[in-house]
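Heads up, the thing below is written out as structure tokens.
Please treat every number below as a calculation from the coordinates, not as lab data. All of these numbers come straight from a predicted model, not from anything done at the bench. Cβ placement follows ideal geometry from the backbone for every residue including glycine, while neighbour counts extend to all protein chains displayed.
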Amino acid sequence: MAQKQQWLEQFDDSPLTLKSDDRMDTVVRIENRSCGIDFKIGGGEFIVMAGPCSVESEEQLLTTAEHVSKNGAQVLRGGAFKPRSSPYAFQGLGLEGLKLLAEARRRTGLAVVTEVLSEEDVELVAEYADILQIGSRNSDNTSLHVAAALTGKPILLKRGMVATVADLLRAANVILEHGNSNILLCERGIRTFETATRNTFDAAAIALLKMISHLPVIADPSHGCGRNLLVPALARVGVAAGADGMIVEVHPAPQRAYSDGDQSLTFDEYANMISELDPWLTARRQSANQISEALA
Ligand code: PEP
Ligand code: MN
């Protein structure tokens, strides 16, 4: 970057998250030796995390895991502890859900990302998850961030629905201060005056984060709009904006999903989205090569 523009100074209170001469692109390694899992997030490739919003049953999870593993995913998502708008709505299967995720991992070789909702569950969730998800509703829960950081596990840190980019980076900075640099920043849409979509997917935030931060960025097109029909387009936007991967909701029967059915893709919709993403990923690789050749 040439001379730093003044507006970028708003991020100076999160210095550990910012690119510097010795830290341009953090690559997060996802490793689980007992399941033969070892791959990297960041550094140019685009990874896919896919699965249901909530773990609901063995059949639901295992069929979804099989399908997404055959169609481009490296990571299985699924909530065992669910943050819900109503305390009377389905709260997740808890430990039983974690065990099902581990079984799905054993069968498919997919890594597992799942949300940890409270500090007291960090140890338990870390026993099962390869990546700990900190959800939008916990985006300013510093004590949870610290507890998650101290496990040393990779953390998918979701932007709060009313959090600024600076807020997200401050949360990441705290995790870095506690010795954990395995952070994936996640843009999942923010609240705006628009009601046609559930949230407003902030593509500029992805481009901005890729410009200023060394941490990998993950796009969440599902929560980003809340509507299954729009998810493939937002996935393409994520690729174009420079995201290092995406997390997307897939369900065998979205109309019967316990949570987030309106934004969940069917198996066919998911497979089509992945294959239609290919030319966009190829174009991105080619333009990156052209840029590096021009700079050489
Ligand atoms: C989820 O991933 O299902 C979820 C609850 O996400 P968010 O925290 O972004 O709402
Ligand atoms: Mn969800």
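Miscellaneous remarks
- Unit charges at the beta carbon, dipole of the chain: most positive-side option, 195, 296, 35: 296
- Here 53, 35 are placed in order of increasing Cβ neighbour count within 10 Å, fewest first, which gives 35, 53.
- With θ taken as phi - 60° and the Karplus curve 6.51 cos²θ - 1.76 cosθ + 1.60 applied, the whole-hertz 3J(HN,Hα) list for region 209-215 is 4, 5, 6, 9, 10, 7, 7 Hz, x standing for glycine and proline.
- Within the chain, helix-based [θ] at 222 nm, where runs of 4 or more DSSP H residues each add -39,500 (n - 2.57), nearest 500: -11500 deg cm²/dmol
- Cut-off under 5 Å, modelled amide H: who pairs with residue 30 long-range: 39, 40, 41
- Near residue 203, once Lys and Arg are set to +1 and Asp and Glu to -1 for all other residues with Cβ below 15 Å from its Cβ, the sum equals 0.
- Extreme residue, positive dipole direction of the chain, given options 213, 239, 79 (C-beta unit charges): 239
- Of 4/158; 70/158; 40/153; 82/210; 19/40, those spanning more than 22 Å from alpha-carbon to alpha-carbon: 4/158; 70/158; 82/210
- Full-stretch length increase - residue 150, residue 20 - with 0.36 nm per residue and alpha-carbon distance subtracted: 44.4 nm
- Order by protection proxy (mean Cβ within 10 Å, highest first), peptides 209-222, 80-93, 5-18, 142-155: 209-222, 142-155, 80-93, 5-18
- Set of aspartates and glutamates with alpha-carbon distance to residue 99 below 16 Å, sequence-local pairs under 8 removed: 56, 58, 59, 115, 121, 123, 127, 130
- Ordering 29, 236 from the fewest to the most neighbouring beta carbons within 10 Å gives 29, 236.
- Scoring 111-118, 250-257 by mean Cβ neighbours within 10 Å over their residues and listing the highest first yields 111-118, 250-257.
- Cα shape, region 140-296, gyration tensor, a/c 1.5 rule: oblate
- With a cut-off of 11 Å between beta carbons, the residues surrounding residue 276 carry a summed charge of -1, where Lys and Arg count +1 and Asp and Glu -1.
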